[in-house]
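Inspection log for the structure reproduced underneath, given as structure tokens.
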Amino acid sequence: MVQFANVRELKNHLSEIIRRSRRGDIVVTSRGRPRAVLHAVTEEDLEDYLLANSPKFLKSLEASYRGYRRKGGVSLERMIAQTERELGRLRR
């Protein structure tokens, strides 16, 4: 079930609204128009979101795929090492 909260309500009751978001998305409105969606996340969800929206990570993933298509693949160990290097750069 989608819930709604206006900006004033969000400002005055942020903690309560964040708790409500665990039960479903909350559409934040301003002057009756949708402006944002509040969506509860777990730590794992956050990591997935950050990686899926990281241009550096996506570029590395695309380069890995091109290399796979050209050379026939890379070892799992090499892919893990490369991913860890990329993640280390993202966290800085």
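Rule-based calculations on the coordinates, nothing more; no lab input. Since the structure is predicted, the reported quantities are computational estimates derived from the model, not experimental observations. All Cβ positions, even for glycine, are placed from backbone atoms using ideal geometry, and neighbour counts span all protein chains on display.
Remark: the Glu16-Tyr68 segment gains 13.9 nm on full extension, using 0.36 nm per residue and subtracting the alpha carbon distance. Suppose we look only past 23 Å in the calculated P(r) of the chain. What percent of the Cα-Cα pairs does that tail hold? Pairs farther apart than 23 Å: 48 percent. FRET efficiency for the pair Thr83 and Val41, taken as 1/(1 + (r/R0)^6) with r the Cβ-Cβ distance and R0 = 22 Å, rounds to 0.55.
The dipole here belongs to the chain: it is taken about the Cα centre, uses +1 on the Cβ of Lys and Arg and -1 on the Cβ of Asp and Glu, and is about 460 debye. Helical runs (DSSP H, four residues minimum) scored at -39500 (n - 2.57) apiece and divided by the length of the chain put the mean residue ellipticity at 222 nm at -19000 deg cm²/dmol. Amide H contacts under 5 Å for Thr29: Ala5, Asn6, Val7, Arg35, restricted to partners 5 or more places along the chain or on a different chain, H placed in the peptide plane at 1.01 Å from N.
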